[in-house]
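Here's the structure we're looking at; comments come further down.
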Amino acid sequence: MKTYTYTEKKDTRSGFGAGLAELGRTNPNVVALCADLIGSLKMNEFIEENPDRFFQIGIAEANMMGIAAGLTIGGKIPFTGTFANFSTGRVYDQIRQSIAYSGKNVKICASHAGLTLGEDGATHQILEDIGLMKMLPGMIVINPCDYNQTKAATIAIADYDGPVYLRFGRPSVPIFTPADQKFEIGKAIKFTEGTDVTIVATGHLVWEALEASKVLNEAGISAEVINIHTIKPLDDKAILDSVAKTGCIVTAEEHNHLGGLGESVARVLAQHNPTPQEFVATNDTFGESGTPAQLMDKYGLNSDAIVKAVNNVIKRK
């Protein structure tokens, strides 16, 4: 079994900041907009190097989306930046009407997603954003797993012509993917080969899935771990090829089980190969205040929960 290790932890939002800075040096059409959260979105380097290509909109997220849509008409590639809650829930009408409906080339970049926003609590956390965004026709939805993958995804989406939702987080998490990786929208990445169970995970839960696979391997269970960094379009083939071999699947995400990755996977299975499935996700609930680690433990979003789900789903084969 292939094992993954790390030597450093870093927040995925910093990967976005690094990717945006690189785009500033290589793509003159890239512009950035922020809703008064420059430091939190790690946009400082881009701004310092490209002050004429940055727009501070202030705490007016709906206006930011409208301005971003307008900038595309002049050939610009706008990257908007604020917390995931304010990038989606607060401005859903503007995204739907001004960006998605007309297929505007806006990159909606959302930090502090999920529970791991932590101590700011339920009003600032969001566990519904993947569902909100994947239901918009034509919207790409991406949720990378570590610093390097977030940087690569940020750079890659500038070359895609159309609206994109890029979701990332606040806490420091292990860096375990290559620094020189090429990010391919819609192409899942198989991290480990397995024969007993498929684990598909997204975002912060990918590392937890890899940790779970080590525990399972010691118990004699061979787990195939797949990183679903792109939730829409979903890599149906990767999922179906894997479950054809393993016969059962666990989905893991820092999101409500309603509307997230798990439901997208369930649709594919229902259409093509009905398969026992267990969900590691929040159970139709809001979050609360606490450290990221405390919240992940309380809401069952960790390697222990994945191991438990695997044991349950294998019994159903």
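The values are calculated or read from the model by the stated rules, or taken from the named source; none is laboratory data. Nothing here was measured: the structure is a model prediction, and the numbers come from that model. Counting neighbours? That spans all protein chains shown, and the Cβs are built from the backbone with ideal geometry, glycine included.
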Examine segment 60-73 for a residue that is surrounded by fewer than 15 Cβ atoms within 10 Å (Cβ to Cβ) and either farther than 22 Å from Tyr101 by Cβ or at pLDDT below 95 (or both), and state whether such a residue exists.
no
Could you tell me whether Val206 is surrounded by 24 or more Cβ atoms within 10 Å (Cβ to Cβ), in contact (Cβ under 8 Å) with a residue 60 or more places away in the chain and in a strand (DSSP E or B)?
no
Residues that are modelled with pLDDT under 95 and farther than 22 Å from Ala113 by Cα, drawn from segment 265-317
Lys317
So, in segment 226-273, of the ones that are among the polar types (S, T, N, Q) and buried (at least 20 other Cβ atoms within 10 Å of the Cβ), which residue ends up nearest to Phe168 (Cα to Cα)?
Thr230
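Can you tell me which residue is farthest from Gly260 (Cα to Cα) among those in segment 115-131 that are assigned to a loop (DSSP other than H, G, I, E, B) and touching a strand residue (DSSP E or B) at 6+ places or on another chain (Cβ under 8 Å)?
Once the filter is applied, the top-ranked residue is His124.
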Which numbered condition trips up Pro276, out of (1) of a type outside the set (D, E, K, R); (2) under 18 Å from Glu211 (Cα atoms); (3) surrounded by fewer than 19 Cβ atoms within 10 Å (Cβ to Cβ)?
(2)
Would you call Ile130 over 30 Å from Asp284 (Cβ atoms) and either touching a His at 6+ places or on another chain (Cβ under 6 Å) or assigned by TED's automatic domain parsing to the domain that holds Ser40 (or both)?
no
Here are the criteria: (1) farther than 20 Å from His124 by Cβ; (2) in a strand (DSSP E or B). Tell me which single one Arg96 does not satisfy.
(2)
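Rundown of residues vs (1) part of a helix (DSSP H, G or I); (2) hydrophobic (A, V, I, L, M, F, W, C), yes/no style:
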| position | (1), (2) |
| --- | --- |
| Leu41 | no, yes |
| Ile47 | yes, yes |
| Asp52 | yes, no |
| Phe55 | no, yes |
| Gly58 | no, no |
| Met64 | yes, yes |
| Thr72 | yes, no |
| Gly75 | no, no |
| Pro78 | no, no |
Under 8 Å between Cβ atoms, at least 6 apart or on separate chains: pull out the pairs that start in segment 288-317 with a residue that is part of a helix (DSSP H, G or I) and of a type in the set (S, T, N, Q) and end on any residue that is crowded, with 21+ Cβ neighbours inside 10 Å and at pLDDT 95 or above.
Ser303/Glu208; Ser303/Ala209; Ser303/Ala212; Asn312/Glu278
Those residues of segment 87-104 which are surrounded by fewer than 22 Cβ atoms within 10 Å (Cβ to Cβ) and in contact with a helix residue (DSSP H, G or I) (Cβ under 8 Å, 6 or more places away or on another chain) amount to Gly89, Arg90, Tyr92, Asp93, Gln94, Ser98, Ser102, Lys104
